[in-house]
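What follows is a set of notes on a single structure, which appears directly below.
The values are calculated or read from the model by the stated rules, or taken from the named source; none is laboratory data. This structure is a prediction, so every number in the text was calculated from the model and none was measured. Glycine gets a Cβ as well: all are built from the backbone with ideal geometry, and neighbour counts include every protein chain shown. For accessibility, only protein heavy atoms count, side chains too; no ligands or nucleic acids. Shrake-Rupley method; radii C 1.70, N 1.55, O 1.52, S 1.80 Å.
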Amino acid sequence: MGEIRTEQLVELGRALKALRDPQEIRYAALDWVMARTGAVEGAALLREPGAWRCAVVRGDPAFWEREWTLPPSARSSWEPVADAVWFLPLTEKAPSEWLGVRDPDPDALADEAGWEVVRLWIGMALEAAREREAHGAFFSTAVHELRLPMTSIKGYTDLLRKGLAGPLTENQQRFLETIRVNVDRLADLVNDLLEHSRLETGRLRLRIEPVLLEEALEGALRRVRGEIEARGHRLSVDLPEGLPPVAADRERLEGILRKVLDNAAKYTPPGGEIRIRAGCHEQAVICEVEDTGIGIAPSDQARMFTPFWRSEDPRVREVPGFGLSLAVARGLLRAMDGEIEVESAPDQGTRVRIRLPAAEPPR
């Protein structure tokens, strides 16, 4: 049990990498440490003014929730304290968090170099989680501050368009329509920022229910049909009868389809074609959106799901965007046990394939 093997470190790394919330990281790390040391009790202590608070505990809470006097710095990977308790500091200097186990197997603590790696990995995971939380708090505040003026602009624009402040000329109507379109575009950006923040911090909440793909498509097309018609695109929709509903969050699915259709419309030259079709494969429903647009270079395809990244292609740069829509779409689909794939070639169009689990077995 003494030496920590490479595969055990890989196991810990994978477990931590999949987590976003600091509390979940502490639970996973504590469980791993207890399993490696043969301990049946363990706890995580967080530094607070004047005391060390027990945030996570495995075993007898009465024993672990007492106040602890811990070493001010870590002289080695493990620090013995009292009552046969050993603590692993999770930060290198002025530690603010410790994992502790009671009555461990002494041989399991002998590999100081191995435990040093473990300590660093857990500490890095916690620091990354705290950074994501800080970014999430910033995004949430920014989104709230942006939504207030957007709501006001949208409301007053709609009142003016309805003639409640007096009759409007044709030019005034056209200007107000432009304002409304751009407010909607800004609202989509703000929503993408918020969804990105939720995905990064692990605070995304989904309402999974059976959703008919046809209904979700109808909702998405209502938002992008104006763009499609304005550019003279030919639109075809082929949905087979008896297509089972998908297990998804209805609002998020409609938003994902809207992002994909919006991209197809914007990056397809006037007079092009957009084709939508769907079908079943095993226990999944597949929806494809194919266009005859400018396509995507192979060098760009590897990065197209990277948040805030946009291609250097001048034809892409001509279209307003923030480089978030596809990243958010993939994150949401994966959270719903789905996936998104893209097949494309320059000047030969793009096919986007969305897969979601069927809510009931296909007939």
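Using every pair of distinct Cα positions in region 120-161, the Kirkwood expression returns a hydrodynamic radius of 12.7 angstrom. Per residue, the accessible area of region 1-137 comes to 51 Å², computed with a 1.4 Å probe over protein heavy atoms only. Taken over the chain, lysine pairs spaced eight or more positions apart, or on distinct chains, with alpha carbons under 24 Å apart number 4. Counting only alpha carbon atoms, the long axis of helix 250-266 and the longest principal axis of the chain meet at about 60°. In the frame of its principal axes, region 133-187 has Cα extents of 49, 17, 9 Å, reported largest first. Seen against the Cα atoms of the chain and their longest principal axis, helix 6-17 is set at about 50 degrees. Accessible surface calculations at 1.4 Å, restricted to protein heavy atoms, place region 295-363 at 54 Å² per residue. Cα centroid distance between region 226-246 and region 10-58, in Å? Cα centroid of region 226-246 versus Cα centroid of region 10-58: 49 Å apart. Each semi-axis of the equivalent ellipsoid for region 78-134 is √(5λ) with λ an eigenvalue of the Cα gyration tensor; in descending order they amount to 23, 13, 9 Å. Here is the P(r) of region 176-228: all C-alpha pair distances, binned every 10 Å from 0, give 19, 34, 38, 9 in whole percents. Here the contact order of region 252-313, divided by its residue count and restricted to Cα pairs under 8 Å and six or more residues apart, works out to 27 percent. For region 305-354, the convex hull drawn through the C-alpha positions has a volume of 76 cubic angstrom per residue. To the nearest whole percent, what portion of all C-alpha pairs in region 234-355 is separated by more than 25 angstrom? Beyond 25 Å sits 22 percent of the P(r) for region 234-355.
Once R0 is set to 35 Å, what does the formula 1/(1 + (r/R0)^6) return for the Cβ-Cβ distance between residue 222 and residue 302, expressed as a FRET efficiency to the nearest 0.05? According to the calculation, E is roughly 0.55.
Restriction of the trypsin sites (Lys or Arg not before Pro) in region 62-122 to DSSP coil positions whose beta-carbon has at most 12 other beta-carbons within 10 angstrom yields 66, 75, 93. For the chain, the mean residue ellipticity at 222 nm estimated from helices alone is -15500 deg cm²/dmol, where every DSSP H run of n ≥ 4 contributes -39500 (n - 2.57) and the total is divided by all residues, rounded to the nearest 500.
Taken along the Cα-to-beta-carbon direction at a fixed 7 Å, the label points for residue 46 and residue 92 span 2.4 nm. These residues, 286, 25, go from largest to smallest accessible area, 1.4 Å probe, as 286, 25. Counted by Cβ distance under 13 Å from residue 295, the other residues give a net charge of -4, where Lys and Arg count +1 and Asp and Glu count -1.
Taking the chain as the reference, fit the longest principal axis to its C-alpha atoms, fit the long axis of helix 170-201 to the helix C-alpha atoms, and give the angle between the two in degrees, 0 to 90, nearest 10. Here the helix axis deviates by roughly 20 degrees.
The apolar share of the surface of the chain, taken as the fraction of accessible area on carbon and sulfur atoms (1.4 Å probe, ligands and nucleic acids excluded), comes to 51 percent. Subtracting the Cα-Cα distance of residue 148 and residue 130 from their residue separation scaled by 0.36 nm leaves 3.7 nm. Across all Cα atoms of the chain, the radius of gyration (one decimal) and Dmax (whole number) stand at 26.8, 86 Å. Sparse packing (at most 12 other Cβ atoms within 10 Å of the Cβ) combined with a DSSP loop state is found for the following GluC sites (Glu not before Pro) in region 220-283: 241, 282. For region 1-65, the Kirkwood estimate of hydrodynamic radius, built from reciprocal distances between every pair of different alpha carbons, is 13.0 Å. According to the square roots a ≥ b ≥ c of the eigenvalues of the Cα gyration tensor, what is the shape class of region 190-300, taking rounded for a/c under 1.5, prolate for a/b larger than b/c otherwise, and oblate for the remainder? Because a/c hits 1.5 or more and a/b fails to exceed b/c, region 190-300 counts as oblate.
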